[in-house]
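Working notes for the structure below.
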Amino acid sequence: FSIYDASVPPEDRGTYRAFTHLESNGMKHLKALADAGLTHIHLLPVFDIATINEDRAAQRNPDVEELASYPPDSEEQQAIVNELRADDGFNWGYDPYHYTVPEGSYATEPEGVTRIREFREMVQVLNSVGLRVVMDVVYNHTNASGQDDRSVLDKIVPGYYHRLNADGNVEQSTCCQNTASEHAMMEKLMIDSLVTWATAYKVDGFRFDLMGHHMRENILNVRAALDGLTLAENGVDGASIYIYGEGWDFGEVADNARGINATQVNMAGTGIGTFNDRLRDAVRGGGPFDPRPYQGFITGLNYEPNGSEQGTEDEQDKLLRYMDQIRVGLAGNLADYAFMSYDGEEIIGADVDYNGAPAGYTHDPQENILYIAAHDNETLFDAIQLKAAPETTMQDRVRINNLGLSILALSQGVPFFHAGDDLLRSKSMDRDSYDSGDWFNVLDFSYATNGWGRGLPIADKNQDLWPVMQPLLADPALTPSTNDILAAALHLREMIEIRKSSPLFRLRTAQAVMDCVRFLENGQTPGLIVMAIN
């Protein structure tokens, strides 16, 4: 957010305190979004992170001027970043050390109470400009277990807090040491921690990382605990705290193997949000891990092909099916929403197929987290760069970006915009930038650059696509100007203003959506969706 922001005092860049400088470029941008109607800012993990050195003076960061000296398609930048990334100040932070302590590397002084005061000050200032603060929480795993130096819970009660397999080893389907929230005291630890963040730090919402690795009952008990917080007794209206998370179903808990888990379909009817990958894939095209740049509704499938489909299936039929997924998403992703499908049949949301699962699965629009980009995988703009037909102009690439964000802004449910979506944010096409350093992850709120052309991304996650990426990064016509960036920024503000202008864009019940939202075409015109809300 602030690490390269010259409008923030040097000592506060990369810290909680950066959010307190209201005249900085970053805070001016956030305030403009809040004034337009944006309600929340979601922070990636800010609890105590195991793998970042909290002594900023001891961190090893690359020389920015050296990085900037290399060509936009060079291998040099990633090589330098890669050598230092274990010792630098950047990491997404999905490796918990202590769940209920603010991360010290974001404080101006990691020792003592400074991190507590500065975290609270950050929340207070963001609230003052009209933004509520959501915290990304990662109770599904810890950084370590057993007798490891960074193991905590196993040293309290060995073998209890972590989920074990039949051999007695800790499950690691989340890439880390999985916790067992089906055990009563792990659930209690999670609830006590969340109540602390809500009451002592005034956090306004929680996004659960890999929520599907918790049990449905765990999340409902979290909801009940937060609902019990009152302004009179706790200084917090707990019922207004929003909960959402990743409802993916995989690993040792898949298919309810360890109990009914908190997956997309299982959370329907609870009022708790889950990320809607159905709309994401239909809008962008393909899935996030596809080997080829498959196209979707906004990126040219059928009407401006890039050649990636290579005759695998009828492109027009695929586009029409994608459009049904989008219609369901626009209508709150409701399982029971009735409409006419692309083949002229009356169907409901649950009838639309998504890789063998129902596209529509929610019972309430607030359960529908609409997104087409997040910190995971390529940014929206990078996906457009990869997927758009080669002859697509920069002006049209901006329009593609705007169309994607418009779909989110005009959908029933909770639209989720990735930071920098409105700035054509690029990570030089990095597919997994969790430890790719500030150089590839930076946000530029001066609007001078968008992050495109900072070199080929980190080899271990991206090298198989380097031959595709290199000519794109080297093409000067694919670098957006400040005017292009501003056009996208102003477009999103306008769309948020439109959404804020009428409660019809934010219908609160499934019945209201079914009563008010209609699609006016017969569904058979490729590329055309006409929605009315009345």
For the chain: relative contact order, % (alpha-carbon pairs under 8 angstrom, 6 or more apart):
15 percent
What lysines could a cross-link reach from Lys427, if we take a straight Cα to Cα line under 18 Å and drop same-chain neighbours fewer than 8 places away?
Lys387, Lys461
Mind checking which lysines have their C-alpha under 27 Å from Lys155, skipping anything on the same chain fewer than 8 residues away?
Lys188
For segment 440-454, in residue order, the Karplus 3J(HN,Hα) values (coefficients 6.51, -1.76, 1.60; θ = phi - 60°; whole Hz; Gly and Pro = x) are 8, 9, 4, 10, 10, 8, 7, 6, 6, 9, 10, x, 6, x, 9
Please report, in debye to the nearest 20, how large the charge dipole of the chain is about its Cα centre when each Lys and Arg carries +1 at its beta carbon and each Asp and Glu carries -1 there.
1440 debye
Under the rule of at least 5 residues apart or a separate chain, name every residue whose amide H is placed under 5 Å from the amide H of His40.
Arg132
To check you understand DSSP bridge types, tell me what percent of the beta bridges within the chain (both residues inside) are antiparallel, rounded to 5.
40 percent
In segment 316-461, carbon and sulfur make up what percent of the accessible area (probe 1.4 Å)?
48 percent
Per the rule of 0.36 nm per residue minus the C-alpha distance, extending Glu66 to Asp237 adds in nm 56.6 nm
With unit charges on the beta carbon (Lys/Arg positive, Asp/Glu negative), name the residue among Ala184, Ala198, Ala487 whose Cα is farthest towards the positive pole of the charge dipole of the chain.
Ala198
Explain nothing, just the number: dipole magnitude of segment 1-103 about its Cα centre with +1 on each Lys and Arg Cβ and -1 on each Asp and Glu Cβ, in debye rounded to the nearest 20.
540 debye
Give the long-range amide H neighbours of Val203: residues separated by 5 or more places, or on another chain, with amide H under 5 Å away, using H modelled in the peptide plane at 1.01 Å from N.
Ala198
The simple spin-label model distance between Gln316 and Thr230, using points 7 Å out along Cα→Cβ, in nm, is 6.3 nm
Only helices counted: for the chain, with every DSSP H run of 4 or more residues adding -39500 (n - 2.57) and the sum spread over all residues, [θ] at 222 nm is -9500 deg cm²/dmol
Within the accessible area of segment 52-148, what % is carbon and sulfur when the probe is 1.4 Å and the other protein chains stay in place?
45 percent
So for the chain, taking the charge dipole from beta-carbon charges (+1 Lys/Arg, -1 Asp/Glu), which of Ser173, Met340, Ala57 sits furthest toward the positive end?
Met340
Which whole-Hz ³J(HN,Hα) couplings does segment 261-272 yield from phi under the Karplus relation 6.51 cos²θ - 1.76 cosθ + 1.60, θ = phi - 60°, glycine and proline marked x?
9, 8, 9, 3, 5, 5, 8, 4, x, 8, x, 9
How much of His141 can a 1.4 Å solvent probe reach, expressed as accessible area in Å² and rounded to 10?
10 Å²
Between Asp515 and Thr199, what's the calculated FRET efficiency when r is the beta-carbon distance and R0 is 56 Å? Round to 0.05.
0.90
Whole-Hz ³J(HN,Hα) for each residue in segment 372-384, computed from phi via Karplus 6.51 cos²θ - 1.76 cosθ + 1.60 with θ = phi - 60°, x for glycine and proline: what do you get?
10, 7, 8, 5, 5, 6, 5, 5, 4, 5, 5, 5, 5
Under 13 Å from the Cβ of Ala510, count the other residues' Cβ atoms, weight Lys and Arg +1, Asp and Glu -1, and hand me the total.
-3
Might you tell me the accessible area per residue for segment 384-534, computed with a 1.4 Å probe and given in Å²?
41 Å²
Nonlocal amide H pairs with Phe47, under 5 Å, H built at 1.01 Å:
Glu103
Along the Cα-to-C-beta direction of Asn127, a point sits 7 Å from the Cα; which residues of segment 253-282 have their amide N less than 18 Å from that point?
none
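The values are calculated or read from the model by the stated rules, or taken from the named source; none is laboratory data. Predicted, not measured: the structure shown is a model, and the values here were computed from it. Every residue, glycine as well, gets a Cβ built from its backbone with ideal geometry; the counts of neighbours run over all protein chains shown. Side chains are part of the model used for accessible areas, which takes the heavy atoms of the whole protein and leaves out ligands, DNA and RNA. Shrake-Rupley method; radii C 1.70, N 1.55, O 1.52, S 1.80 Å.
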